[in-house]
Each structure stands twice: as structure tokens, then as C-alpha cells.
Amino acid sequence: YNHDSPWFLLLDSSGNVIRDTVYGIFFLGGGRLYKDKYGGYVHVGAIDSMIDTLDPNDYVNFPNYLTHLDTNFQVEWITRLPYSETFGHRYTLKVTQLHDGNFITQQTAVVTTSTRYLAIGWAAKFDRLGNIIWNHFYLNDSFNHSYFYDVAERPDGGLVFIGYSYKNGIPASHEYYDMWLVGVDSNGCELPGGCSTNLWPAGTTSPVPSEGGVTVYPNPSTGKMTVRVPMEGVFMVHDLKGQLVREYRLGKGETEISLPSGIAPGVYFGRYVTEFGVETVRVIVNY
């Protein structure tokens with residue numbers, strides 16, 4: 001794949017092209033491709049979706065994503081990591097598949113406030129359908145820019161992240177680095193210590209809305225329904241095979257949506273994705 005859009009090639013042992021797939025508009029690529037031991041591939045990259053800002057030069061407009069491709073390089077699911085004032089901009093560097101088949105991706109989150117700009121450690125665990133199991137941030141003791149670049153799984157299911165922190169002492173130069181090792185349990189919580197889903201300052205209360213999650217009504221419906229959510233997010237409707245039916249960008253409150261005309265009656269599932277994670281609800285179509 002190139003910088004402008006992901007480009008996937010499958011070659012035989014003689015270098016002949018077996019399959020050639022390019023993703024064009026909105027997909028920037030710039031990530032990596034990994035083999036899924038259960039079939040297909042996992043790819044990380046960035047999207048130019050013009051969703052979060054109308055300024056095409058604003059880095060906020062390029063959220064990273066994790067996506068699963070089948071053996072024909074067709075998207076089976078995609079999970080975006082949108083920018084927010086709470087979570088900053090989360091950058092994915094590498095994907096590691098764990099023994100249980102789930103995925104770990106990590107690198108850094110950039111925190112921007114009115115008083116400071118700071119890069120800190122970030123990691124998230126995804127299940128095999130792209131749902132976020134946990135999403136945590138890690139602040140280095142030096143309070144300087146810090147990054148993760150690799151992870152190892154422990155026999156008990158815990159993880160060890162390795163990274164580095166800029167050494168802004170004497171001499172104050174980004175040519176000097178300190179090694180950074182962080183040990184966590186299987187839930188991503190530091191050992192010893194705890195978990196933090198916040199960015200800055202450390203130890204503050206999570207701003208996750210308290211008025212409940214996603215509500216869909218009427219349900220069953222004929223394909224036209226109202227979705228009520230407590231905060232901005234993306235609502236994706238999938239069939240029982242995991243194939244995406246349609247995706248909707250939702251604002252806080254109620255939004256009326258319509259599924260594709262002629263959609264087959266049956267049970268579907270909706271995934272409400274925000275920067276705090278994923279909530280899944282059943283959506284029933286019945287004419």
C-alpha cells in the first residue's frame with residue numbers, strides 16, 4: 001500500500017499477481033498489514049473522512065483505524081479511533097495478536113489542551129470483531145513526550161510495553177532518550193497500580209456520560225427507526241455474518257435513520273462506537 005491509499009498485492013512464489021486491491025477515497029493507508037491466524041488480515045491506517053472537521057489540513061481530521069480484511073482483501077469490519085478533547089489523537093503503530101485471538105494495538109496519544117501539548121503512552125485491546133475491550137493511557141514519570149513501540153505477552157495474560165521518553169533534562173535535546181517499560185495485567189492495568197481511561201491530568205474522573213447508552217425504537221421496525229445516544233458517535237448496522245449494512249454518524253440526542261430499502265427481515269446488530277468504546281444492540285427488521 002502507498003501513502004495516498006492502501007494498496008494490497010498478493011503474489012505467488014514467482015512474483016505473479018494473484019490479487020490486486022486498492023482502497024481509494026477516504027483511506028490514507030500509512031499503516032501495516034498483519035496475518036490473522038484465524039483467517040484474513042488485520043490492517044491499521046488513517047482515514048480522511050472530513051467528519052471531525054471541515055479543514056482538510058487539520059490533523060484532527062485523520063483518525064486512525066483498525067480493520068479486518070478477508071482473504072480477498074474486502075473489509076469485514078472497521079473500528080475508528082476518532083479525535084476528541086478527552087482522548088486526544090490516538091496513533092496506532094503496530095498490531096499484535098494474542099494467544100486468545102484478540103488484538104493489541106499501541107503507540108501514543110497526543111493530548112492538546114489550552115496550556116500544553118503532550119504525547120503519552122496508549123494501548124487498546126480489541127476482540128476479533130473489532131470491539132474495544134479496554135482502552136488505557138499511561139503517563140511517564142518524567143512528564144515528557146513518551147511513546148510505546150512494542151509489546152510482549154506474559155504467560156498469565158499480562159503484557160509488557162516497551163517504549164521511550166524524551167530526556168528533557170541537561171542537555172535538553174530530543175537526541176537523548178530514556179527507555180520506558182510498563183507492565184500491566186490482562187485488563188491493561190499497571191502493576192502495581194491501577195487503570196486510567198483519562199488523559200490529562202492523571203487521576204481525574206472519566207467524563208463518560210451517565211445518562212445511559214444507545215436506544216433504538218421502534219424495535220422491531222420496518223427499517224425506519226430512531227436512535228438515541230448520549231454523545232456523538234458512529235452507529236454501524238451489521239448482519240449476523242458481520243457484514244456492514246450501513247453506517248451513520250450520530251450527534252447527541254435522537255436521530256432518525258433508514259436502513260437500505262428492500263433489506264431482508266431478520267435480526268441485525270448495531271454497534272454504537274464512541275471514543276469510550278463500543279456498545280452493541282439488537283436491531284430487528286420485520287415487515
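The values are calculated or read from the model by the stated rules, or taken from the named source; none is laboratory data. Just so you know, these numbers come straight off a predicted model, no measurement behind them. FYI the Cβ positions are ideal-geometry reconstructions off the backbone, even for glycines, and counts take in every protein chain you see. Accessible surface areas use protein heavy atoms only, side chains included; no ligands, DNA or RNA. Shrake-Rupley method; radii C 1.70, N 1.55, O 1.52, S 1.80 Å.
Annotations for the structure displayed:
- Residues that are at pLDDT 80 or above, over 22 Å from the mean Cα position of the chain (by Cα) and open to solvent by less than 80 Å² (accessible area, probe 1.4 Å) are absent from the stretch 230-252 altogether.
- Residue in the stretch 265-286 that is modelled with pLDDT under 85, touching a His at 6+ places or on another chain (Cβ under 6 Å) and in a strand (DSSP E or B) present: yes
- For the stretch 111-134, residues that are modelled with pLDDT of 75 or more and not in a strand (DSSP E or B) total 5.
- Residue within the stretch 20-30 that is more than 20 Å from Phe137 (Cα to Cα), at pLDDT 60 or above, in contact with an Asp or Glu (Cβ under 7 Å, 6 or more places away or on another chain) and not in a loop (DSSP other than H, G, I, E, B) present: no
- Every listed requirement among (1) more than 22 Å from Tyr248 (Cα to Cα); (2) of a type in the set (Ser, Thr, Tyr); (3) at pLDDT 75 or above is met by Thr108 save one, (3).
- Selection status of Pro220, farther than 16 Å from Thr79 by Cβ and touching a residue at least 60 places away in the same chain (Cβ under 8 Å): yes
- Every residue from the stretch 253-277 that is buried (at least 18 other Cβ atoms within 10 Å of the Cβ) and either in contact with a helix residue (DSSP H, G or I) (Cβ under 7 Å, 6 or more places away or on another chain) or among the acidic types (Asp, Glu) (or both): Glu275
- In the set (1) farther than 30 Å from Gly266 by Cβ; (2) among the polar types (S, T, N, Q); (3) at pLDDT 85 or above, Ser221 fails one condition alone, (1).
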